[in-house]
Amino acid sequence: MKIRNAVWVGLLAAALSGPSWAVVTGKFAVTLPEKSHQGQGVAKFAELVKARSNGEIEIKPFYGGALGDDVKVTSALQGGTIEFTVPQTTTLTGMVKAYEILDFPFLFKNAEQAEKVLDGPTGQKLMDLLPAQGLVGLAYWENGFFNATNSKHPIARVEDFKGLKFRSIQARITQETIKALGANPVPLAVPELYTALETKTIDGQGTPNAVIAALKLYEVQKYLSITRHSYGAFIPLVSKKFWDQLTAEQQKILRDAAVEARGYQREVARAQSEGARKMMAEKGLQVNEVSDAEHARMRQAVQPVWDMFTPDVGAELVQEVEAQLK
């Protein structure tokens, strides 16, 4: 009887304790601030996951690079010490060369083309390469098109790049692109960018409108040219070590939530881009469009970069993407 009572007491205690024993928690490292398009996408994702799992999965975002930069936290995901992050796909090129296709200059003319490639079989094919690296990709979100700012003159033709000292990231494809356009690449980290532009150490740089506004570069630049010379995609990632501990149902919840949050995040990104452009123009930044004809000339100027990096990416993948864009 005592044993039976002890069993009932144990069962009653378990029932009263509720589902807390089954709650799965995960840290989500976010590079940008909470109000950024990236941050809002993560907040929406966490909200959807909690609702769809009835509170069984709780995700805690850490905004503003609180857990480290993209490279550091992606490595932490591989080690299993952080569960989620959402870097730009460029971060993955060091481990998966095929992702470099998304950094090809002037790859996409518009957001619709980007969505077609990223949300289709090609995007999935790239994601399928990640588990071997200890990562699981959930969807593709948007950072946006990169546009050029500088302090010298508007960039309306490819010739207008000539001689400009243009900020570059460390990625070789970015540096070669700047050279092909006729400018001189100067590798600089983001924290150094404002001062370098202010002191005229460099003349210009290229980032999405929302980033230009967030960094207040309009204070130290005169011109914003809508060059759309590159497209940045974010990719919500999960640590495979964490992923493998989840049930199939929990994995589906994460995938579905990332895809649903994708539409919301892209809307926010595009609204922030347009809002940033308008605000910066009101602040005195001179904004100019680049015609379709001149955009095509710029794309032709960087064709040697495509040729240079196609062997790394694979000719078949490049042809597959080009066929979709046609």
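Selection over the stretch 194-216 of residues that are crowded, with 22+ Cβ neighbours inside 10 Å, among the aliphatic types (A, V, I, L, M) and within 19 Å of Ile178 (Cβ to Cβ) gives a count of 4. Does the stretch 234-242 include one or more residues that are hydroxyl-bearing (Ser, Thr, Tyr), at pLDDT 95 or above and within 26 Å of Thr81 (Cβ to Cβ)? Yes, some residue in the stretch 234-242 is hydroxyl-bearing (Ser, Thr, Tyr), at pLDDT 95 or above and within 26 Å of Thr81 (Cβ to Cβ).
Is there any pair with a first residue in the stretch 189-202 that is free of Cβ contacts under 8 Å to residues at least 60 places away in the same chain and outside any helix (DSSP H, G or I) and a second that is of a type outside the set (Asp, Glu) and exposed (fewer than 11 other Cβ atoms within 10 Å of the Cβ) whose Cβ atoms are under 9 Å apart and which are 6 or more apart or on different chains, and what are they? Pairs found: Ala189/Gln170. Restricting Val71, Val86, Val49 to those that are farther than 16 Å from Arg255 by Cα and among the hydrophobic types (A, V, I, L, M, F, W, C) reduces the list to Val71. Residue under question is Val42, and the condition is that it be within 30 Å of Ala213 (Cα to Cα) and either modelled with pLDDT under 95 or part of a helix (DSSP H, G or I) (or both); does it hold? Against the criterion (within 30 Å of Ala213 (Cα to Cα) and either modelled with pLDDT under 95 or part of a helix (DSSP H, G or I) (or both)), Val42 qualifies. Of all residues in the stretch 226-252, exactly one satisfies the criterion of being among the small types (Gly, Ala, Ser) and not in a strand (DSSP E or B), namely Ala248.
Here is the figure for the stretch 206-225: residues that are under 26 Å from Ala76 (Cβ atoms) and part of a strand (DSSP E or B) total 2. Among the numbered conditions (1) outside any loop (DSSP other than H, G, I, E, B); (2) closer than 23 Å to Glu58 by Cα, the only one that Glu100 does not meet is (2).
For Asp70, the conditions (1) crowded, with 21+ Cβ neighbours inside 10 Å; (2) in contact with a strand residue (DSSP E or B) (Cβ under 8 Å, 6 or more places away or on another chain); (3) not basic (Lys, Arg) are fulfilled apart from (1). Restricting attention to the stretch 137-157, the residues that are outside any loop (DSSP other than H, G, I, E, B) and surrounded by fewer than 21 Cβ atoms within 10 Å (Cβ to Cβ) add up to 1.
Residue-by-condition table, conditions (1) under 14 Å from the mean Cα position of the chain (by Cα); (2) over 15 Å from Leu135 (Cα atoms):
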{"residue": "Gly41", "(1), (2)": "yes, yes"}
{"residue": "Asn54", "(1), (2)": "no, yes"}
{"residue": "Phe62", "(1), (2)": "no, yes"}
{"residue": "Glu83", "(1), (2)": "no, no"}
{"residue": "Glu100", "(1), (2)": "yes, yes"}
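Could you check how many residues of the stretch 239-263 are under 15 Å from the mean Cα position of the chain (by Cα), surrounded by fewer than 24 Cβ atoms within 10 Å (Cβ to Cβ) and touching a residue at least 60 places away in the same chain (Cβ under 8 Å)?
Qualifying residue count for the region: 2.
Looking at Asn150, Asn143, just one residue is under 30 Å from Thr74 (Cα atoms), in contact with a strand residue (DSSP E or B) (Cβ under 9 Å, 6 or more places away or on another chain) and polar (S, T, N, Q), and that residue is Asn143.
The values are calculated or read from the model by the stated rules, or taken from the named source; none is laboratory data. Quantities reported herein were computed from a predicted structural model and do not represent experimental measurements. Cβ atoms come from the backbone with ideal geometry, glycine included; neighbour counts cover every protein chain shown.
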